[in-house]
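The values are calculated or read from the model by the stated rules, or taken from the named source; none is laboratory data. Being a predicted model, the structure only gives us computed values, none of them experimental. Because the Cβ atoms are built from the backbone with ideal geometry, glycine has one as well, and the counts that use them run over all protein chains shown. Just the protein is used for accessible areas: all its heavy atoms, side chains included, with ligands, DNA and RNA removed. Shrake-Rupley method; radii C 1.70, N 1.55, O 1.52, S 1.80 Å.
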Amino acid sequence: MRILVIGGSVFLGQAFAQEAIGRGHTLTVFNRGKSGPDIQGAENLRGDRENSADLEVLAAAGPWDAVIDTSGFHPRTVGQSARALSGHAETYLFVSSFHAYSDWPGGPVSEDSARHACPPDAAVDEVPGNALKAGCERAVEKYFEGDVLILNPGLIVGPRETPGRLLWWLERMARGGEVLAPGAAGQKIQLIDARDIAAFALDLLEEGSAGHYLVTGPKDTTTLGELLELCARVTGAGAQPVWIDEEFLGEHEVGAWTELPFWATEQPAMAGAWAASPDRAVAAGLRCRPLSETVTDTWAWLRERGPSDTPYRQGDIPLGIDPEKERGVLRAWQAKAGTR
Ligand SMILES: NC(=O)c1ccc[n+]([C@@H]2O[C@H](COP(=O)([O-])OP(=O)(O)OC[C@H]3O[C@@H](n4cnc5c(N)ncnc54)[C@H](OP(=O)(O)O)[C@@H]3O)[C@@H](O)[C@H]2O)c1
């Protein structure tokens, strides 16, 4: 197949690119050349997806059997590329997210869950940020003349991860000592390796499938405790998670989700964070590797990459608790429990 990835140089896009090349497809990647390396074995085209002249040049470099759009966040921008590539590609695969579902993270979601009411031509400042992916999905459906495939991933991990949730935990465990572990070890989590999304997506494209698929790891099989134990084991620094209940963490103003990544509190607003059903995707062939393989490979990649000067961030919010604050909360917890 001839495949175009709009983006392709950072994390999920690069996983798609590697998977496509590994399967012997002919690959073009299109980006500005700012965020990541050229992809070896691909045609690397430079351009800005927000610039219509660049999109015209891109379209003239086709045709493709499939476009994979991993870098779309704004409905108007996505609509522009869907229009520009109509007639130049058979299928448009758009990578959306759980944020498109209006019930997430407050309630369980599946492929059939309602989307936010974001129009396909919405400007960025017209709707709340969380709703924009729903508008992007509608923009592809409205403007692309061909088959449309929409993937809604949950939290994605693996080598080269952005924004760096698993990377932060691995680096924290590698520092060793007692580690603040939030809530209960048995709380369920649902993660998916970027490489498993890429393999599933390429299978769908090769089969000529279209439609919507929610892609995440299986429900109710993995816990935060298992993840942190795996991180402690692979990093080998003898780190010891100290589980602290969430009421105590709330009293000490420790924030869920970002300050301690993957921690979704028991508050109703987060009740569905880890309750998504990837049933349709599993029936269509989605297979997830064991979490231990993801953690091991990500640690190997992190060691090869070495320390980064760029702090991990989710949007404007830094990821990971400040080490001094962590020590203070651990001391207070142990004083309360009478263990120090
Ligand atoms: N991480 C998660 O847990 C998670 C969960 C659910 C969904 N998702 C979705 O998964 C996707 C992940 O993306 P990724 O960063 O891994 O993808 P990626 O394709 O590896 O990286 C983003 C690419 O977009 C390019 N880009 C950015 N602005 C551009 C522009 N104006 N014109 C052309 N290219 C541009 C960047 O290159 P240049 O900057 O060099 O142009 C880069 O190649 C996103 O759509 C995200 O919403 C992520």
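What is the local net charge at GLY47, summed over the other residues whose Cβ is closer than 11 Å to its Cβ (Lys, Arg +1; Asp, Glu -1)? Provide the component values of the computation, followed by the final result.
Numbers: positive: ARG32, ARG46, ARG49; negative: ASP48, GLU50, ASP54, GLU56.
The answer is -1.
Counting only Cβ charges, +1 for Lys and Arg and -1 for Asp and Glu, the dipole size of the chain around its Cα centre is about 660 debye. For the peptides 205-214, 303-312, the ranking by mean Cβ contacts within 10 Å, running from highest to lowest, is 205-214, 303-312.
For the chain, the residue among PHE94, PRO218, ALA237 whose Cα projects farthest onto the positive side of the dipole built from Cβ charges is ALA237. Considering only protein heavy atoms and a 1.4 Å probe, what is the carbon-and-sulfur percentage of the accessible area of the stretch 2-153? C and S atoms contribute 48 percent here.
Taking the Cα centre of the stretch 2-153 as the origin, how large is its charge dipole in debye, to the nearest 20, when only Lys and Arg (+1) and Asp and Glu (-1) carry charge on their Cβ atoms? Could the numbers behind the result be given before it?
Details: 12 positive and 20 negative charges, 57 e Å.
With Lys and Arg at +1 and Asp and Glu at -1, about 280 debye.
Over the chain, average the accessible area per residue using a 1.4 Å probe and give it in Å², no decimals. Let's see the in-between values first.
Working: 14530 Å² over 340 residues.
Value for the chain: 43 Å² per residue.
Scattering from the C-alpha atoms of the stretch 194-280 alone, worked out with Debye: what is log10 I(q)/I(0) at q = 0.20 1/Å? Summing over Cα pairs of the stretch 194-280 leads to -1.09.
Using Cα pairs under 8 angstrom and six or more residues apart, how large is the relative contact order of the stretch 2-153, in percent?
Numbers: 319 pairs, mean separation 34.1, N = 152.
Relative CO of the stretch 2-153 lands at 22 percent.
Seen from ALA283, the other residues with C-beta closer than 14 Å to its C-beta sum to a net charge of -3, counting Lys and Arg as +1 and Asp and Glu as -1. Annotation for GLU50 and GLU324: the two label points, set 7 Å from Cα along the Cα-Cβ direction, are 3.7 nm apart. Computed from label points 7 Å out along Cα-Cβ, the spacing between GLN314 and ARG175 is 1.9 nm. The value of relative contact order for the chain, using C-alpha pairs under 8 Å at least six residues apart, is 18 percent.
Taking 37 °C and 0.692 mPa s as conditions, the chain diffuses translationally at an estimated 157 µm²/s according to Stokes-Einstein applied to its Kirkwood radius (Cα pairs). Considering only VAL215, VAL57, VAL78, the mean-square fluctuation computed in a Gaussian network model of the chain, springs between alpha carbons under 10 angstrom, is largest for VAL57.
Between PRO290, PRO218, PRO105, the residue with the greatest mean-square fluctuation in the GNM of the chain (Cα pairs under 10 Å linked by springs) is PRO290. For the stretch 4-70 versus the stretch 286-314, the inter-centroid distance based on Cα atoms is 23 Å.
Relative to its residue count, the stretch 2-153 spans a Cα convex hull of 108 Å³ per residue.
Here's the list of lysines a cross-link from LYS133 could span, going by alpha-carbon distance under 28 Å and ignoring same-chain residues fewer than 8 apart: LYS34, LYS142, LYS188, LYS219.
Placing one equal scatterer on every Cα of the stretch 24-85 and applying the Debye formula, the log10 ratio I(q)/I(0) at q = 0.12, 0.22, 0.25, 0.26 Å⁻¹ is -0.28, -0.98, -1.25, -1.34.
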